[in-house]
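Comments concern the structure below.
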Amino acid sequence: MPSSPEGWSSEQYHGGLSGVLAAADGEVYQLLTKEYDRQQNTLQLIAAENQCSRAVLAALGSVVQNKTTEGFAGARFHGGCAVVDCLETLAIGRAKEVFQARYANVQPHSGTGANQIVITALLEKGDRILSQAMDQGGHVSHGAPVSFAGKFFEIEPYCVRPDTFLLDYDAIREQALRFRPKLLICGASAYSRTIDFARFRAIADEVGAYLMADISHIAGLVAAGAHPSPVDHAHFTTTSTYKPGGPRGGLILMGRDFETPFRKAEDRGQKTEDRGQRTEDGSPSSVVRRPSSATPLWERIEKNTFPGFQGTPCLNNIAAKAVFFKEMLSAQYRTWQFGIVENAKVLTEEFVRMGYDVLTGGTDNHMFLANVANLRAGLTGYIVQHCLEDCAIIVNMNRLPYDRHNARITSGMRLGTPIVTRNGMGRPEMQTTARLVDSVLRRVEIQGDRQYCLDPAFQNEVKQQVHEFCTRFPMQ
Ligand code: DSN
């Protein structure tokens, strides 16, 4: 950057950053340009993806990223925090307003990080967690054997019903009564129906467990009122901030329990060595009553964020979260969220009409799952994802409950509507989208679990249609 004897104004400093990058590093600049072109010219149907505003991008790419500190606003370990304190306080206030929460922590670096902070704030190594299995629609960070939680805690997964693919709350309750978890986790990454958070809380209370609701996939819908909120049901609600359309990062929210004193599970009616033993009236057979340290839950979370789990917060992300939370409070955002659900319903209905095996028969949220193996013998999620990408349609393969294939092949495809809705698509476009996807999946020649052939002329024809389609709905 050329030096300026007078210095630069913030406007000059931040303006034209793209040109600065092009001059400094043409290789990276070209790749960014390519990624912009890819996002603009392909149909974005990954349920876990979203598209943030340019205002959010501006906050991410600002000098706020230069600030280092530790701790929370008003209690930092470095000087020069007056401005970032204001930014973090603003983000917290807006997050609380968006989700009607009593406490918000905007520091987690990701949704998975938010989960790890909550889990390690509550549990000790080897403690028990009951959570939705990853191959049943749950999330890897909730206790998949390969994950942090799976390695350090004793996980029992709960499943959806094999006949309906719906959560079975009675079965989960029975499992909880038997397993005696210290933490019950609800929230999913591949489940298209409304989650009954009140029911989960009743189960948690019955066994003396804490409840964490991970709403990453549905956070935008929750904020807008298009899905019931867990904030006053769960002890802790976590989410990533990019899935609802903001910057990368995580968020921890608390409702009515935010000041409840932290008590170890032993104090909440469980004794490690007596797990599963109940007296006739259902009360614990042996209850250890130790005086509690009485740290409120919110403080427990805060101390475990820093110094427990993270170091420096990403303050540019926090600035961008503040921008995003303001957007979330707008009428436009609310309309977008209800549009996402409406589009998902239309898209799902089209696939059902065309003979696809849609799990649960429909959707209440932003996504649906279909068993593609039941569309054509030998068709796999892997082939679906790759042959659609060859035609500029971006989806992801997804392991289905009770899938006979592993996660790298799968029988499922998962489609979501956040991005296409944001860019202005509605009912007719969802019908066109379904038709385009279907034309490819009926045409592809299946040669193995991962091997297929698709006529290049046909690919180009679909690509061309997708390109024209996307041009009518540019990235917002
Ligand atoms: N949780 C993963 C998904 O749903 O695809 C990625 O965030």
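Using 0.36 nm per residue and subtracting the Cα-Cα separation, the extra length available between HIS467 and THR260 on full extension is 69.2 nm. Subtracting the Cα-Cα distance of ASP205 and SER439 from their residue separation scaled by 0.36 nm leaves 79.3 nm. Distance between the C-alpha centres of segment 73-119 and segment 319-387: 30 Å, rounded to the whole angstrom. How would you classify segment 22-112 from its alpha-carbon gyration tensor, with a ≥ b ≥ c the square roots of the eigenvalues: rounded for a/c under 1.5, else prolate if a/b is greater than b/c, otherwise oblate? Here segment 22-112 falls in the oblate category. Packing order of peptides 364-374, 240-250, 194-204, 209-219, highest average first: 209-219, 240-250, 364-374, 194-204 (average count of other Cβ atoms within 10 Å over each peptide's residues). Residues whose amide H comes within less than 5 Å of that of SER189, counting only those at least five positions distant or on another chain, are GLY138, HIS139 (H built at 1.01 Å from N in the peptide plane). A dipole drawn for segment 336-417 from +1 and -1 charges on Cβ atoms has a positive end, and of ILE409, ALA392, PHE351 the residue lying farthest that way is ILE409. Does segment 112-222 classify as rounded, prolate or oblate by the C-alpha gyration tensor (a ≥ b ≥ c root eigenvalues; a/c under 1.5 gives rounded; else a/b over b/c gives prolate, otherwise oblate)? It comes out rounded by the Cα gyration axes.
In nanometres, what is the gap between the two model label sites at VAL352 and CYS453, each 7 Å from Cα along Cα-to-Cβ? It works out to 3.7 nm between the two label points.
Among the listed pairs LYS96/LYS151; LYS303/LYS326; LYS96/LYS182, which are separated by more than 29 Å between their Cα atoms?
Numbers: LYS96/LYS151 33 Å; LYS303/LYS326 27 Å; LYS96/LYS182 27 Å.
Going by Cα-Cα distance, LYS96/LYS151 fall outside the 29 Å limit.
Return THR433, THR112, THR335, THR239 ranked ascending by Cβ neighbour count within 10 Å, so the fewest neighbours appear first.
Details: THR433 24, THR112 21, THR335 12, THR239 30.
Listing THR433, THR112, THR335, THR239 from fewest to most nearby Cβ atoms yields THR335, THR112, THR433, THR239.
Look at the alpha carbon pairs under 8 Å that are at least 6 residues apart: their mean separation over the length of the chain gives a relative contact order of 20 percent. Using the Cβ-Cβ distance between SER9 and GLU342 with R0 set to 45 Å, the FRET efficiency from 1/(1 + (r/R0)^6) comes to roughly 0.50. Of the trypsin sites (Lys or Arg not before Pro) in segment 117-153, the ones in a loop by DSSP (not H, G, I, E or B) with at most 12 other beta carbons within 10 Å are LYS125. Summing Cβ point charges (Lys, Arg +1; Asp, Glu -1) relative to the Cα centre of the chain gives a dipole of roughly 460 debye.
Throughout, read-outs are computed from the coordinates displayed, never taken from laboratory work. The shown structure was predicted, so the numbers you read here are calculated from the model rather than taken from an experiment. No Cβ is skipped: glycine too gets one built from the backbone with ideal geometry, and neighbour counts run over all protein chains shown.
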